[in-house]
Structure formats: C-alpha cells, structure tokens
Amino acid sequence: MVPRYSVLVVDPLEETREVLRTALEPRGVRILATDQPARGLALAREHAPDLIVLDVEHLQAAPATVADDFAAQSRRHATPLVLIGSARHRRGRVPAGEFVAKPYHYGPLIRKIEELLAQVPQPVAKAA
C-alpha cells in the first residue's frame, strides 16, 4: 500500500512509537519516529509530514521550549500538531482538540490522529 499520509511521532517511549506505527501503517500512514526533539524538528523540516505527534511529558529539554518550537513549525507549514502531556504543558500552544492529556489510552489518540488526517487536503492526481 502506498502511504497517503505521513505522521511524525516524537515520543521518548518506544512503546508509543511502535503502537502508533502498528496501528497506522496498515491504514496508509507512513510513520517517521524519533525519541529526540531536535531530530524530530529536523525530520519535520526535511519531510514536511501531514501531522506531528509530540509527547512533552518526559523531555530532557524544557517542555515549553520544545513545544513552542514544534508549534512554530506546525504553524509555518499548516501541519496539525497533537501535543501529549499534562495539562500544564498545554497553555495556548495548540487548539483544544489537538491536546491529549496524560494519562491516555491509545485508542482515542489514534482516532484523534485519524480525524486530523481526514482534514488534510490530498494532492490532486494528474491525468496520464
């Protein structure tokens, strides 16, 4: 299956990266994943994913700074950003519908990702 969308997952937990990969790749979503925020920003700039998932709960760097960097990248390319963390991490960085508070279950997170991807315009196929 040719991927229709791409999602960048920046999460320190390998389990989360693998669960999202396992759930979304069969649905036509290419997953780019890393546990390092700096690498995540580089991947976002290089690949321009359709959506970014960022967990700021366990970051070594200041979560607010990292979230702000990804929010700026998201605005620059009109890329939806799903921020995962405790309520104190949200503070105006993402719209209400794009914040997932911890603790969370994977099912609702996956549905949120799918809802946001469904709103991403698809490129128009060129006639042969």
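The values are calculated or read from the model by the stated rules, or taken from the named source; none is laboratory data. Note that the structure is predicted; figures quoted are calculated from it, not measured. Because the Cβ atoms are built from the backbone with ideal geometry, glycine has one as well, and the counts that use them run over all protein chains shown.
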Inset, instruction - Working only within segment 1-28, note down all residues that are touching a Phe, Trp or Tyr at 6+ places or on another chain (Cβ under 8 Å), modelled with pLDDT of 95 or more and closer than 22 Å to P121 by Cα. - result: L20, A23
Legend entry - Subset of segment 1-28 that is in contact with a Pro (Cβ under 7 Å, 6 or more places away or on another chain) and not in a loop (DSSP other than H, G, I, E, B) - its residue that is surrounded by the most Cβ atoms within 10 Å (Cβ to Cβ): V10
Legend entry - Complete set of residues in segment 44-69 that are surrounded by 20 or more Cβ atoms within 10 Å (Cβ to Cβ), part of a helix (DSSP H, G or I) and either over 13 Å from the mean Cα position of the chain (by Cα) or at pLDDT 85 or above (or both): A44, P63, V66
Inset, instruction - Take segment 29-43 and flag every residue that is of a type outside the set (A, V, I, L, M, F, W, C) and either part of a loop (DSSP other than H, G, I, E, B) or more than 21 Å from Q122 (Cα to Cα) (or both). - result: T34, D35, Q36, P37, R39, G40
Inset, instruction - Identify, from the list A78, A118, the residue that is exposed (fewer than 13 other Cβ atoms within 10 Å of the Cβ) and at pLDDT below 90. - result: A78
